[in-house]
Amino acid sequence: MAVKQMAGHLIRRLHQTSTQVFAARMQQQGLDMTPVQFAALDAIRTTPGADQAGIAAQIAYDRATIGGVIDRLEKKGLVTRSVSDKDKRARVVTLSNEGKKLFTQLQPVIADLQNDILRGLNDVEKAQFLKLATKALDVFDGEKQS
């Protein structure tokens, strides 16, 4: 089997494309934001009171590295951290007003760039791709929960 027909190779290349499109769009907006930072903002927004470990789990990111991601978001004034009432070792992360405002501003930009990432596909193919990619990942997500 040729490398160009291997799932891992194609996924890596699509990830590179996705990251490049994201970076270009953020640069056009005059923003310093990475895909992981945006995913973290989304997880924080959708799960009020989440701690760093919970955020890492939601976005499938390692717990050791999420602290640096949250540090950068905090330095940008987009999130705040406080000690958890439930576990004094845990830090609860919350969107700041600036973070909420930026997330709302970015939503249409992020939605639009999805089309650029998959521009070679028509709408039916995009839906099929998303369904299949989700199905492929569900197996791994299920293994993590076991």
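The values are calculated or read from the model by the stated rules, or taken from the named source; none is laboratory data. Since this is a predicted model, take the numbers as computed values, not measurements. Please note: Cβ atoms are built from the backbone with ideal geometry, for glycine as well, and neighbour counts cover all protein chains shown. What goes into the accessible areas is simple: the full protein's heavy atoms, side chains included, and nothing from ligands, DNA or RNA. Shrake-Rupley method; radii C 1.70, N 1.55, O 1.52, S 1.80 Å.
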Quiz item: Between Ala24 and Thr104, what FRET efficiency follows from the Cβ-Cβ distance if R0 is 22 Å, with the result rounded to 0.05?
Solution: 0.55
Quiz item: To the nearest Å, what is the center-to-center distance of the stretch 1-56 and the stretch 73-138, using C-alpha atoms only?
Solution: 8
Self-check item: Neighbourhood charge, 14 Å Cβ-Cβ cut-off, centred on Leu106 and excluding it, Lys, Arg +1 and Asp, Glu -1
Solution: +1
Exercise. Just the number, please: carbon plus sulfur as a percent of the accessible area of the chain, 1.4 Å probe, no ligands or DNA/RNA counted.
Key: 54
Self-check item: Peptides ranked, highest mean first, by Cβ atoms within 10 Å: ranges 104-113, 118-127
Solution: 104-113, 118-127
Exercise. Take peptides 36-42, 65-71 and line them up by average Cβ neighbours within 10 Å, highest first, as a rough protection proxy.
Key: 36-42, 65-71
Exercise. Determine, at each q value in 0.09, 0.18 (inverse angstroms), the log₁₀ of I(q)/I(0) that the Debye formula gives when each Cα of the chain is one equal point scatterer.
Key: -0.34, -1.20
Quiz prompt | Per residue, in Å², the accessible surface of the chain once ligands and nucleic acids are set aside, probe 1.4 Å | solution = 68
Practice problem: Provide the packing ranking of 52-62, 84-94, 6-16, i.e. peptides ordered by the mean count of other C-beta atoms within 10 Å per residue, highest first. | Solution: 52-62, 84-94, 6-16
Self-check item: Inter-label distance, nm, simple model (7 Å from Cα along the C-beta direction), Ser84/Val36
Solution: 2.1
Self-check item: Mean Cα-pair separation over length for the chain, i.e. relative contact order, pairs under 8 Å, 6 or more apart, %
Solution: 20
